Amino acid sequence: MTQTVIIPRPDDWHLHLRDGAMLRAVLPETTRHFARALVMPNLVPPVVTGAQAAAYRDRIRAVLPVGADFTPLMTLYLTEASDADDIARAHADGIITAVKLYPAGATTNSHSGVANFDAVRPVLDRMAEIGLPLCVHGEVTDPAVDIFDREAVFIDRVLDPIRRATPGLRVVMEHITTRNGADYVRSAATGLAATITTHHLIINRNHILAGGIRPHYYCLPVAKREEHRLALVTAATSGDPRFFLGTDSAPHTDANKETACGCAGCFTATNTLSILAQVFEDAGALDRLAAYVAGHGAAFYGVPVNTGTLTLIKGEAVPYPAQIITGEGPVTVFDPMMPLHWRVT
Ligand code: NCD
Ligand code: ZN
């Protein structure tokens with residue numbers, strides 16, 4: 001008997017589209033399946049003002065594949081110099097959906113991020129007032145803190161103090177990678193949620209480091225121990241509305257990944273839904289897939305569930321390209337290390 005799952009068209013609540021030739025090449029990989037995506041602002045230079053976000057949104061719209069029905073939801077990159085009035089105006093004008101907090105130096109293109117969290121308090125207070133969510137890259141950058149502990153330490157040292165200082169602030173912990181992250185989300189009554197990537201449901205740190213170093217599994221926050229991966233699978237497949245999909249699909253050329261100091265990021269847009277269907281099936285939670293990819297995030301952000309549906313059909317192994325060809329060079333597609341049997345139609 002053929003197994004079929006029908007879901008509303010999904011949303012990706014954390015996506016890197018880049019710009020120029022890379023944007024043109026990777027955008028169709030997302031629009032093929034997704035109706036909306038929250039687009040990260042870590043361009044060079046970053047998207048800091050409402051005007052920059054509107055211009056970036058227009059550049060995305062200009063290269064949408066013909067016939068694509070896709071809405072890019074824009075974010076602003078928070079800096080210590082961010083202007084609360086400009087942010088509030090961009091929100092009121094419907095240009096932005098969230099503001100992104102990168103601790104300075106935490107990840108790709110985060111040099112302009114925040115070092116002194118007190119400096120952004122007035123902006124965060126304003127965001128709480130107007131109901132504009134803060135998306136957080138939750139890692140400390142203190143070189144004395146082990147890279148595998150940076151998420152857990154961030155919760156105690158930075159995130160919890162921020163949330164106490166600005167109680168009405170709605171926060172999304174982006175791409176959580178630890179049991180600590182999932183537990184912290186569950187500890188909050190309201191106003192806190194988390195995205196989980198596709199790749200963090202598949203890989204643990206052994207996949208990056210054991211038996212040879214595998215740069216295409218290197219991303220930030222870095223994958224942790226197996227027990228943490230299992231905690232993420234439990235959270236994602238639990239049906240708890242505080243957890244939803246943000247792929248963090250982050251294209252870098254193979255030349256920039258396979259080098260002495262390779263970039264962080266896994267490119268998963270192409271095969272994300274086939275992988276997730278397998279993860280949810282293995283967890284006995286196929287009936288919760290729709291809510292994870294198309295329901296919980298929309299509810300948190302206060303937007304309607306997308307109209308239209310996708311059908312996933314289980315059958316022969318689904319072919320997908322090993323690489324996407326871009327004007328900047330090939331980008332390797334995430335390898336889930338298992339055949340994918342769920343085809344998206
Ligand atoms: C992202 C990127 O390449 O922009 N990289 C990553 O490893 N996830 C940045 C980010 O989200 O941390
Ligand atoms: Zn990201």
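Can you find, among ASN206, THR79, THR190, the residue sitting farthest towards the positive end of the charge dipole of the chain, where Lys and Arg contribute +1 and Asp and Glu -1 at Cβ?
THR190
Along the positive direction of the dipole of region 3-344 (beta-carbon charges: Lys, Arg +1; Asp, Glu -1; about the Cα centre), which of THR49, ALA21, GLY105 reaches farthest?
Most positive-ward Cα: ALA21.
Determine the principal axes of the Cα atoms in region 194-345, then give the extent along each, sorted from largest to smallest and rounded to whole angstroms.
Taking max minus min along each principal axis of the Cα atoms, region 194-345 gives 43, 33, 33 Å.
Would you work out the relative contact order for region 1-127, in percent, from Cα pairs under 8 angstrom that are 6 or more residues apart?
Relative CO of region 1-127 lands at 23 percent.
Quote the relative contact order of region 99-213 in percent (integer), defining contacts as alpha-carbon pairs under 8 Å separated by 6+ residues.
Rounded, it is 22 percent for region 99-213.
Residues with amide H under 5 Å of CYS135's amide H, sequence separation 5 or more or different chain, H placed in the peptide plane at 1.01 Å from N; which?
Sorted by chain and number, the residues that satisfy this are VAL99, LYS100, LEU101, VAL172.
Taking all protein chains as present, what is the carbon and sulfur share of the accessible area of the chain, in % to the nearest whole number, probe 1.4 Å?
Ligands and nucleic acids excluded, carbon and sulfur give 53 percent.
Residue by residue through region 13-20, what is 3J(HN,Hα) from phi via Karplus (6.51 cos²θ - 1.76 cosθ + 1.60, θ = phi - 60°)? Round to whole Hz and write x for glycine and proline.
Karplus values, whole Hz, x for Gly and Pro: 8, 6, 9, 9, 9, 6, 8, x.
How large is ³J(HN,Hα) for each residue in region 229-242, as worked out from phi by the Karplus curve 6.51 cos²θ - 1.76 cosθ + 1.60 (θ = phi - 60°), to whole Hz, x for Gly and Pro?
4, 4, 5, 5, 4, 4, 5, 5, 8, 6, x, 5, x, 7
Skip the ligands, DNA and RNA, and give the accessible area per residue of the chain with a 1.4 Å probe, whole Å².
Per residue, the chain has 39 Å² of solvent-accessible surface.
Output ³J(HN,Hα) for region 247-257: one whole-Hz value per residue in order, computed from phi by the Karplus curve 6.51 cos²θ - 1.76 cosθ + 1.60 with θ = phi - 60°, and x for Gly and Pro.
After applying 6.51 cos²θ - 1.76 cosθ + 1.60, I find 5, 6, 4, 9, x, 10, 5, 4, 4, 7, 8 Hz.
Sorted from largest to smallest, which semi-axis lengths in Å does the alpha carbon gyration tensor of region 41-198 give for its equivalent ellipsoid, taking the root of 5 times each eigenvalue?
26, 18, 16
Amide H to amide H, which residues 5 or more places from THR71 or on other chains are under 5 Å from it, using H placed in the peptide plane?
Those lying under 5 Å, H to H, from THR71 are ARG36, ALA37.
Need one number: nm distance between label points at ARG121 and ILE313, each 7 Å from Cα along Cα→Cβ, rounded to one decimal.
5.9 nm
Whose amide H sits under 5 Å from the amide H of LEU192, counting only residues 5 or more places off or on another chain, with H placed in the peptide plane?
Long-range HN contacts for LEU192: VAL171.
Of all alpha-carbon pairs in the chain, indicate the percentage at a distance above 28 angstrom.
It works out to 37 percent of all Cα pairs.
Over region 3-344, calculate the relative contact order: mean separation of alpha carbon pairs under 8 Å at least 6 apart, over the residue count, as a percent.
Result for region 3-344 is 20 percent.
State to the nearest 20 debye the size of the charge dipole of region 121-243 about its Cα centre, where the only charges are +1 on K and R beta carbons and -1 on D and E beta carbons.
Roughly 140 debye, rounded to the nearest 20.
What is the helix-to-structure angle for 50-62, meaning the angle in degrees between its Cα long axis and the longest Cα principal axis of the chain, kept from 0 to 90 and rounded to the nearest 10?
20 degrees
Can you tell me which lysines have their Cα less than 25 Å from the Cα of LYS100? Leave out same-chain residues fewer than eight positions away.
The qualifying lysines are LYS224, LYS257.
Based on Cβ point charges of +1 for Lys and Arg and -1 for Asp and Glu, what charge dipole magnitude is obtained for the chain about its Cα centre, in debye rounded to the nearest 20?
Dipole size: approximately 420 debye.
The values are calculated or read from the model by the stated rules, or taken from the named source; none is laboratory data. Keep in mind it's a predicted model, so treat the numbers as computed, not measured. Counting neighbours? That spans all protein chains shown, and the Cβs are built from the backbone with ideal geometry, glycine included. Each accessible area value is taken on the protein alone, full model and side chains, heavy atoms only, with ligands, DNA and RNA left out. Shrake-Rupley method; radii C 1.70, N 1.55, O 1.52, S 1.80 Å.
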